[in-house]
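Structure first, commentary second.
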Amino acid sequence: MPHVTIEYSANLETDVAPARLVQALHIAALATGVFPIGGLRTRAERRDVYRVADGDRDNAFVAVVARIGKGRSSETREAVARALMAALEAETAGAFARRGLGLTVEVQEIEGPSLKTNNLHDRLKAKETRP
């Protein structure tokens with residue numbers, strides 16, 4: 001049940017399309033091989049009220065939090081963090097060159113209890129078997 005949340009400053013939208021950021025990080029998370037596609041959720045949250053560093057209006061931020069189920073090794077969590085950061089850096093490279101930009105990625109284990117219900121795994125299997 002990995003959930004990837006991308007929080008970003010509103011001023012970044014002039015340089016980075018949020019939908020592209022969501023797509024890039026979703027693909028990067030899947031490419032790690034750690035998460036099943038039916039369990040992955042990736043979303044972005046725009047922040048209109050923020051202050052970054054010295055308050056310069058051009059300063060921006062992106063903070064990515066990946067919440068994952070317990071039990072994965074520290075090496076696996078590190079690999080996920082590195083993969084997400086690489087995708088984040090690639091998508092924001094132009095903005096990084098033009099403005100003050102803080103990028104962070106954090107991988108957190110979900111502490112129980114955590115309840116979930118979904119039919120996505122079954123629906124994806126059914127799609128695979130269609131002619």
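No value in this document is a laboratory result; all are computed from the given coordinates. Computed from a prediction, not measured in an experiment: that's the story for all the values here. Counting neighbours? That spans all protein chains shown, and the Cβs are built from the backbone with ideal geometry, glycine included.
See the values below:
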read-out: The chain: angle of helix 74-91 to the longest principal axis, Cα-based, in degrees nearest 10; value: 50 degrees
read-out: The chain, dipole about Cα centre (Lys/Arg Cβ +1, Asp/Glu Cβ -1), debye to the nearest 20; value: 580 debye
read-out: Pairs of alpha carbons in the stretch 26-73 whose separation is greater than 16 Å (percent); value: 55 percent
read-out: Rounded tilt (10° steps) of 18-31 against the dominant C-alpha axis of the chain; value: 40 degrees
read-out: Computed helical MRE - 222 nm, the chain, DSSP H runs ≥ 4 contributing -39500 (n - 2.57), nearest 500; value: -11500 deg cm²/dmol
read-out: Dipole axis of the chain (+1 Lys, Arg; -1 Asp, Glu on Cβ), positive-most option in ASN11, VAL64, LEU124; value: LEU124
read-out: Sites LYS127 and ASP54, calculated FRET efficiency, Cβ-Cβ separation with R0 41 Å, nearest 0.05; value: 0.25
read-out: Where labels lie 7 Å past Cα in the beta-carbon direction, separation of LYS70 and VAL22 in nm; value: 3.1 nm
read-out: Per-pair calculated FRET efficiency, R0 = 25 Å: GLU111 and THR32 via Cβ, rounded to 0.05; value: 0.70
read-out: FRET efficiency, 1/(1 + (r/R0)^6) with R0 35 Å, evaluated for LEU120 and MET85 via beta carbons; value: 0.85
